[in-house]
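Working notes for the structure below.
The values are calculated or read from the model by the stated rules, or taken from the named source; none is laboratory data. This one's a predicted model, so the numbers in the text were calculated from it and none came from an experiment. Methodologically, a virtual Cβ is constructed for each residue, glycine included, from the backbone with ideal geometry; neighbour enumeration extends over all protein chains shown. Surface accessibility is based on the protein's heavy atoms, side chains included, excluding ligands, DNA and RNA. Shrake-Rupley method; radii C 1.70, N 1.55, O 1.52, S 1.80 Å.
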Amino acid sequence: MSQYYIEIKDKQIPIQIRNYKNSNRVKLYFRENILHISKPKYFSKKQLLKMLKENEEAIYKEYVSLWKKENTNQKHWYTGEIFYYEGEPYEEKMIHHNKNEVSIRLDKKEKKLLLYLPEDLKEEEKKKLVDSLVKKLLKKNTEAMLEEKLPKWSKKMNLEYQGYKVRDTVSKYGSCVPQTKMLYFSARLKMLTEEQVDSIIVHELAHLVHANHQKPFYDLVKKYIPNYDEIHQELKKNQKRMMI
Ligand SMILES: [Zn+2]
């Protein structure tokens, strides 16, 4: 099913509409961050848009609060879990040793994420350490990747940015503030494939010229990423698995 959105302020809110023959009222409710709309069949698109416009403030408020809740429920990395790196699944493996040091290593050949921890730590302490080790690794490697990729794309698209920041966000892959020409990226980009990362970079750079997601914006993006729609769908679909 293709996903539709409504734009309210800075948010793109996914919506799903269902028509009912025997219904005579419109219902709006959120489920998993999607605004579900059930309406009588005769209720036109125009009427619906008007109604959404009238309820814009309430919809926005509820969406933001759900969105915040989801962000505080971020995944905490732990042993045995599947960890995505460059789009490939890695198994997380905790290795206890007698030394009093912690370290993290990606075994690309065996597709394992190895976490070395002192044996005598409490479960809670281990959890915290693993979490911070994984996050640090992602941030460091995402920054290194952007350091290389951003100047290349900026040159190719002939668009200059002021700077960029990498933060541990899971709700968004990236964002752009055209007024200050600053770009923001999720520290978890390194979990995605190179093709997906390129599409995110091009998307954010394109916002330097077009603030909204209108046709001229997508025309510019697709000039550089012709299969953008396909990649974007995949990213949307896998956001939970990849990022949280
Ligand atoms: Zn955008």
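Filter the stretch 160-186 down to the residues that are β-branched (Val, Ile, Thr) and in contact (Cβ under 8 Å) with a residue 40 or more places away in the chain, then identify the one that is most open to solvent (accessible area, probe 1.4 Å).
My answer is Thr169.
Tell me which strands (runs of 3 or more DSSP E) are completely within the stretch 1-50 and hold 1 or more residues being within 16 Å of the ligand (Cβ to nearest atom), or say none if there are none. Full working, then the answer.
Values: elements: 4-8, 11-20, 27-31, 34-40.
Per the criteria, 4-8, 11-20.
Please go through the stretch 100-152 and pick out each residue that is part of a helix (DSSP H, G or I), charged (D, E, K, R) and surrounded by 12 or more Cβ atoms within 10 Å (Cβ to Cβ).
The answer is Glu125, Lys126, Lys127, Lys128, Asp131, Lys135, Lys136, Lys139, Lys140, Glu143, Lys149.
Within the stretch 81-99, is even one residue over 20 Å from Ala187 (Cα atoms), surrounded by fewer than 12 Cβ atoms within 10 Å (Cβ to Cβ) and more than 28 Å from the chain's Cα centre (by Cα)?
Yes; the residues of the stretch 81-99 include at least one that is over 20 Å from Ala187 (Cα atoms), surrounded by fewer than 12 Cβ atoms within 10 Å (Cβ to Cβ) and more than 28 Å from the chain's Cα centre (by Cα).
All but one of (1) away from the ligand (no atom under 16 Å from the Cβ); (2) part of a helix (DSSP H, G or I); (3) open to solvent by less than 40 Å² (accessible area, probe 1.4 Å) hold for Glu195, so report the exception by its number.
Status for Glu195: all satisfied but (3).
Which residues, taken from the stretch 166-180, are β-branched (Val, Ile, Thr), touching a Lys or Arg at 6+ places or on another chain (Cβ under 9 Å) and assigned to a loop (DSSP other than H, G, I, E, B)?
Initially, the stretch 166-180 is screened for residues β-branched (Val, Ile, Thr), giving 166, 169-170, 177, 180.
Now drop any that are not touching a Lys or Arg at 6+ places or on another chain (Cβ under 9 Å), which leaves 166, 169-170.
The answer is Thr169, Val170.
Which of the residues that make up the stretch 7-37 are open to solvent by less than 40 Å² (accessible area, probe 1.4 Å) and either among the charged types (D, E, K, R) or outside the structural domain of Glu56 (by TED's automatic domain parsing) (or both)?
Lys11
Looking at Pro216, is it within 16 Å of the ligand (Cβ to nearest atom), out of contact with any helix residue (DSSP H, G or I) (no Cβ under 8 Å at 6 or more places or on another chain) and not in a loop (DSSP other than H, G, I, E, B)?
Values: within 16 Å of the ligand (Cβ to nearest atom): yes; out of contact with any helix residue (DSSP H, G or I) (no Cβ under 8 Å at 6 or more places or on another chain): yes; not in a loop (DSSP other than H, G, I, E, B): yes.
In short, yes.
Give the number of residues within the stretch 219-236 that are under 25 Å from Leu138 (Cβ atoms), of a type in the set (Phe, Trp, Tyr) and away from the ligand (no atom under 12 Å from the Cβ).
So the count comes out to 0.
I want to confirm something. Restricting to the stretch 204-213 and keeping residues that are within 9 Å of the ligand (Cβ to nearest atom) and touching a residue at least 40 places away in the same chain (Cβ under 8 Å), which single residue is least open to solvent (accessible area, probe 1.4 Å)?
Selected residue: Ala206.
Scan the stretch 159-172 for residues that are modelled with pLDDT under 90 and either more than 12 Å from the chain's Cα centre (by Cα) or closer than 15 Å to Ile201 by Cβ (or both) and jot them down.
Of everything in the stretch 159-172, just one residue is modelled with pLDDT under 90 and either more than 12 Å from the chain's Cα centre (by Cα) or closer than 15 Å to Ile201 by Cβ (or both), namely Lys172.
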